[in-house]
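Presented below is the structure to which this report refers.
The values are calculated or read from the model by the stated rules, or taken from the named source; none is laboratory data. Predicted, not measured: the structure shown is a model, and the values here were computed from it. Don't worry about glycine lacking a Cβ; one is built from the backbone with ideal geometry, like all the others, and counts go over all protein chains shown. Heads up: the accessible areas ignore ligands, DNA and RNA and are worked out on the full protein's heavy atoms, side chains in. Shrake-Rupley method; radii C 1.70, N 1.55, O 1.52, S 1.80 Å.
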Amino acid sequence: MNHTKGGLVIFTANSHPSGRELGKRIAERLGVELGKVQVYQEANRETRVQIQESVRGKDVFVIQTVSKDVNTTIMEMLIMVYACRTSCARSITGVLPYFPYSKQCKMRKRGSIVSKLIASMMCKAGLTHLITMDLHQKEIQGFFNIPVDNLRASPFLLQYIQEEIPDYRNAVIVAKSPASAKRAQSFAERLRLGIAVIHGEAQDAESDQVDGRHSPPTVKTTGAIHPSMEIPLLIPKEKPPITVVGDVGGRIAIIVDDIIDDVDSFVAAAETLKERGAYKIFVMATHGILSSDAPRFIEESAIDEVVVTNTIPHELQKLQCPKIKTVDISMILSEAIRRIHNGESMSYLFRNIGVDD
């Protein structure tokens, strides 16, 4: 059954078959057929997009999931958006459940804020609206000069906890670092559970030590500074012993985060929680990138189950590790598309979501 007005076209930009699965689910929920488009790589690795139906005066939604080759993913998206723009589409909305390069949203010494660059490229290509999910930092929305709807996957993950973990009332929500404590607190308050925070792990790449504030180098130079001025040096951080703030003994530990890519920190957190008496350990996140040998490390670790959504295709990783489970979020994406196309309010999709969520 078609739940939308006329003039809606849905394209999937991803040339990889696994990347089109989410688009098929969304189109099926909306009761429409996927638009006809051909996306492929030339012999010299150039991306070519050929739209095979008219989009003149229509609302176009381009669904793109991030594949292993993230740079090709971005080019597919940009070229398809530009093709729709030059074909006189009325509006072009990008549906990008996982925003690539989202971790590079802060200045790192002499690096660059790549998220801003990607946002500018998408707007320049012709995007008029963006639908995404659980941005790594909510401030990334400010990099765009178009409307951005940052949907949340937490209702689906909370539902999974309540329905699939029988003894979840005996659980504690765990933040594997102080940086993810707000997310853990949000889950704990909604489930009426306790919270624990692991403190003392190795500093990751997003610590303040590498955010640019230590450049130029903190060394005394007599030539550059006036003799009467001496700038005080910032005391360097020192890693304290690993401690768990909160009681996890005899409890189910549920570690929550937004992205699972390099699983070393999750494996180390699981070992720490086991040592402190947790008898079952779950890891829950929105985006399951699971690069390299992540499935093998999860299979050999103390983690009992890893739950992620299908914002990123991970069928191959599930074959390698049966501990990985998937939660489908196509329902909220299809509802967002329907509401935008029909000109309805989006506030329903953000009900009960606070500033820190």
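Applying 1/(1 + (r/R0)^6) with r as the Cβ-Cβ distance of CYS88 and ILE353 and R0 = 30 angstrom yields a FRET efficiency of 0.25. Positive end of the dipole of segment 237-313 (Cβ unit charges, origin at the Cα centre): among ILE255, ILE312, SER292, the Cα lying farthest that way belongs to ILE255. When only C-alpha pairs under 8 Å and at least 6 residues apart count, what is the relative contact order of the chain, in percent? Dividing the mean separation by the residue count of the chain yields 15 percent.
Solvent-accessible surface of the chain, averaged per residue with a 1.4 angstrom probe and all protein chains in place: 51 square angstrom.
Put simply, when 239-250, 271-282 are sorted by average Cβ atoms within 10 angstrom per residue, most first, you get 271-282, 239-250.
Report the extension gain between THR243 and GLU275 in nm, rounded to one decimal, defined as 0.36 nm multiplied by the number of residues separating them, less their alpha carbon distance. Working shown, then result.
Values: separation 32, 0.36 × 32 = 11.52 nm, distance 1.11 nm.
Net length gain for the segment: 10.4 nm.
With only Cα atoms counted, segment 1-130 has Rg and Dmax values of 15.1, 53 Å. Summary of the geometry: segment 265-302 and segment 61-89, compared by the centres of their Cα atoms, lie 34 Å apart.
Net charge dipole, segment 37-107: roughly 240 debye, given to the nearest 20, about the Cα centre with Cβ charges of +1 for Lys and Arg and -1 for Asp and Glu.
Distance from the alpha carbon centroid of segment 155-173 to that of segment 174-200 works out to 14 angstrom. Ranked by the mean number of other Cβ atoms within 10 Å per residue, highest first, peptides 310-316, 179-185, 79-85 order as 79-85, 310-316, 179-185. Spin-label pair SER18-SER292: with each label point 7 Å from Cα along the Cα-Cβ axis, the two points sit 1.8 nm from one another. Between GLU344 and GLU189, the contour length at 0.36 nm per residue exceeds the Cα-Cα span by 52.8 nm.
Placing dummy labels 7 Å off each Cα toward the beta-carbon, the span from ALA43 to THR326 is 3.5 nm. With Cα extents along the principal axes in Å defined as stated, name the option among (i) 65, 63, 43; (ii) 66, 48, 38; (iii) 138, 51, 38 computed from the structure displayed. Step by step, Cα extents along the principal axes in Å for this structure corresponds to label (i).
A probe of 1.4 angstrom, applied to the heavy atoms of all protein chains, finds GLU189 with accessible area near 110 square angstrom.
The portion of the accessible surface of the chain made up by carbon and sulfur, rounded to a whole percent, is 52 (1.4 Å probe; DNA, RNA and ligands excluded).
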